[in-house]
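Okay, so here's the structure we're looking at.
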Amino acid sequence: MNNQLNITKLSYHAYAYTLNDYVMMDAGSALGNNCGPLLIAKQKYSNSEVDGLNIAIPGKMTTANFLLNLAFPKAQHKKALLFSEIENAVLNDTFDAGLIIHENRFTYQEKGLKKIIDLGEFWESTYHLPIPLGGIVIQRNLNQQLQRTVSDLISKSVQYAFDHPTSSESFVAEHAQEMDIDVRNQHIQLYVNEYSVDLGKKGKAAIQKLFDVAWEKQIIPPSNQSLFI
């Protein structure tokens with residue numbers, strides 16, 4: 001938010017608040033198909049009951065919270081927690097429900113928690129496009145050729161990982177919150193895909209739709225800045 005970083009990865013929701021300083025690169029994004037954030041609880045709630053629940057969210061500026069605002073605009077009893085603490089906060093009844101992201105979508109059922117809604121499915125069934133989650137941005141004031149060079153290098157790096165899938169295993173294991181190798185691999189297979197190599201027309205259309213909807217519903221501030229390099 002203070003424009004201190006040359007390059008950073010952030011949620012598309014947060015990107016909306018940094019458009020004057022940053023621009024999205026073609027490579028490095030996470031877009032998913034029917035696999036967005038999950039709203040979970042210890043018991044089943046109907047959609048009409050969600051508005052009154054106390055909900056733990058993984059951050060105000062997350063795409064997850066943006067989607068929750070879109071699906072349940074009247075659900076206002078929310079508090080931000082570290083994403084990895086949300087499941088336990090629901091289990092110990094600190095919150096009625098939790099909005100989970102990342103690898104927690106693969107572990108919540110083992111803990112006896114139940115899905116209320118998959119917000120990725122909600123998005124895709126409504127707009128028929130993949131759900132934009134996060135991407136890598138670079139400062140707008142940097143030379144445009146430099147911007148494209150960095151994007152190309154990230155694209156080549158992701159493609160190398162696809163071509164040599166075992167090359168990054170030790171690095172991923174060192175930094176993963178969830179250490180089970182099957183969970184790690186499921187997570188990667190869902191969120192690292194062709195859009196991570198290059199957004200392409202469909203990826204850019206999905207991101208543009210996200211912003212158009214958010215601008216229309218006044219969820220994010222208006223802007224005339226271009227979204228992509």
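Brief remarks on what is shown
- Unique match (being hydrophobic (A, V, I, L, M, F, W, C), open to solvent by less than 10 Å² (accessible area, probe 1.4 Å) and under 30 Å from Val137 (Cα atoms)) among Leu82, Leu31: Leu31
- Residue check, Val183 open to solvent by less than 30 Å² (accessible area, probe 1.4 Å) and either out of contact with any helix residue (DSSP H, G or I) (no Cβ under 6 Å at 6 or more places or on another chain) or over 25 Å from Leu38 (Cβ atoms) (or both): no
- Any hit, the range 142-158, residues being over 30 Å from Glu110 (Cα atoms) and touching a helix residue (DSSP H, G or I) at 6+ places or on another chain (Cβ under 8 Å): yes
- In the range 42-68, the qualifying residues are those that are assigned to a helix (DSSP H, G or I) and surrounded by fewer than 19 Cβ atoms within 10 Å (Cβ to Cβ), and the one that is modelled with the lowest pLDDT is Asn47.
- Cross-chain or 6+ apart pairs with Cβ under 6 Å, the range 159-173 first and under 13 Å from Val192 (Cβ atoms), then modelled with pLDDT of 85 or more and not in a helix (DSSP H, G or I): Ala161/Ser168
- Residues located in the range 151-179, provided they are open to solvent by 60 Å² or more (accessible area, probe 1.4 Å), under 17 Å from Ile101 (Cβ atoms) and not polar (S, T, N, Q): His175
- Selection from the range 125-141 of residues that are assigned to a loop (DSSP other than H, G, I, E, B), out of contact with any Lys or Arg (no Cβ under 6 Å at 6 or more places or on another chain) and open to solvent by less than 60 Å² (accessible area, probe 1.4 Å): Pro130, Arg140
- For Tyr195, the criteria (1) exposed (fewer than 14 other Cβ atoms within 10 Å of the Cβ); (2) hydroxyl-bearing (Ser, Thr, Tyr); (3) touching a helix residue (DSSP H, G or I) at 6+ places or on another chain (Cβ under 9 Å) hold in every case but one, which is (1).
- Taken over the range 85-104, the criterion of being touching a His at 6+ places or on another chain (Cβ under 9 Å) and either in a strand (DSSP E or B) or open to solvent by 40 Å² or more (accessible area, probe 1.4 Å) (or both) is satisfied by Asp96, His102.
- Subset of the range 142-171 (residues that are part of a loop (DSSP other than H, G, I, E, B) and within 22 Å of the chain's Cα centre (by Cα)): Ser168
- Sole exception among (1) in contact with a Gly (Cβ under 8 Å, 6 or more places away or on another chain); (2) free of Cβ contacts under 8 Å to residues at least 60 places away in the same chain for Asn33, by number: (2)
- Residue match in the range 116-124 (condition: open to solvent by 60 Å² or more (accessible area, probe 1.4 Å) and either part of a helix (DSSP H, G or I) or closer than 28 Å to Pro58 by Cα (or both)): yes
The values are calculated or read from the model by the stated rules, or taken from the named source; none is laboratory data. All values reported here derive from a predicted model rather than from experimental measurement. Methodologically, a virtual Cβ is constructed for each residue, glycine included, from the backbone with ideal geometry; neighbour enumeration extends over all protein chains shown. For accessibility, only protein heavy atoms count, side chains too; no ligands or nucleic acids. Shrake-Rupley method; radii C 1.70, N 1.55, O 1.52, S 1.80 Å.
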